[in-house]
Amino acid sequence: PSSDFNIYDDIKTKLIDMGVPENEIEFIHKAKNNMEKDAIFDKVRKGEIRVLLGSTQKMGAGTNAQDKLIAIHDLDIPWRPADLSQRAGRIVRQGNENKEVHIFRYVTENTFDAYLFQTLENKQKYISQIMTSKTPVRVAEDVDEATLNYAEIKALATGNPLIKEKMDLDVEVSKLK
């Protein structure tokens, strides 16, 4: 066994320690081909696999296992807003038997996470302006809920309560406009 830390193995060990049966936890990365991947997704749809771990690349487009999903946990921050949308799209979709689902995004205060969410926020502003025909002149404005969400997460990740307070005030001002 390697002494290198592996987040997937660590999560699996902790889940087992908390009482989740090992046979109900799976890694999508174990699938060597599409047939094996489809077999894993089938078990997820049936509720036989309760926890499926994998990357956006492995479980993004083409993943149709939403039937019994209740929560998604984003452990990292991608570079593209579309990747966060793709992740959420695995669970928030037609065919999910659960009317209410949870999306958890984890950030660490005083780390690079704040920069990554700043980058996502800026990209989302630009994309939103193009998609809503609000061409940027010299001022970029928040034009949708996703942008505000990225800004809020960024504010929390900085660990600076003044930035969070400014974010809250900006949201209030935009509501009053």
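The values are calculated or read from the model by the stated rules, or taken from the named source; none is laboratory data. Since the model is a prediction, treat every value here as computed from it, not as a measurement. All Cβ positions, glycine included, derive from the backbone under ideal geometry; neighbour counts span all protein chains shown.
For (1) over 30 Å from P161 (Cα atoms); (2) part of a helix (DSSP H, G or I), each residue gets a yes or a no:
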{"position": "M35", "(1), (2)": "yes, yes"}
{"position": "D42", "(1), (2)": "yes, yes"}
{"position": "Q57", "(1), (2)": "yes, yes"}
{"position": "I77", "(1), (2)": "no, no"}
{"position": "S85", "(1), (2)": "no, yes"}
{"position": "V92", "(1), (2)": "yes, no"}
{"position": "V107", "(1), (2)": "no, no"}
{"position": "T111", "(1), (2)": "no, no"}
{"position": "T119", "(1), (2)": "no, yes"}
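Take the residues in the range 65-84 that are exposed (fewer than 14 other Cβ atoms within 10 Å of the Cβ) and either hydroxyl-bearing (S, T, Y) or over 18 Å from N6 (Cβ atoms) (or both); name whichever of them is farthest from the chain's Cα centre (by Cα).
Top of the filtered list is I70.
Considering only residues that are at pLDDT below 70 and of a type in the set (V, I, T), which ones fall in the range 134-170?
T135, V137, V139, V143, T147
Quick check on this structure: which one of N64, N34 is in contact with a Lys or Arg (Cβ under 9 Å, 6 or more places away or on another chain), among the polar types (S, T, N, Q) and at pLDDT below 95?
N64
When residues of the range 101-117 are filtered for being more than 13 Å from L75 (Cα to Cα) and charged (D, E, K, R), how many remain?
1
Among the small types (G, A, S) and at positive phi - does that describe any residue in the range 56-67? Break it down stepwise before answering.
Of the residues in the range 56-67, the ones among the small types (G, A, S) are 60-62, 65.
Now restrict to residues that are at positive phi: 62.
Yes, that holds for at least one residue.
Within the range 6-14, identify whether any single residue is in contact (Cβ under 8 Å) with a residue 40 or more places away in the chain and under 22 Å from Q86 (Cα atoms), and answer yes or no.
The answer is yes, given that some residue of the range 6-14 is in contact (Cβ under 8 Å) with a residue 40 or more places away in the chain and under 22 Å from Q86 (Cα atoms).
Considering only the range 44-55, state which residues are part of a helix (DSSP H, G or I) and crowded, with 19+ Cβ neighbours inside 10 Å.
Answer for the range 44-55, where residues must be part of a helix (DSSP H, G or I) and crowded, with 19+ Cβ neighbours inside 10 Å: just V44.
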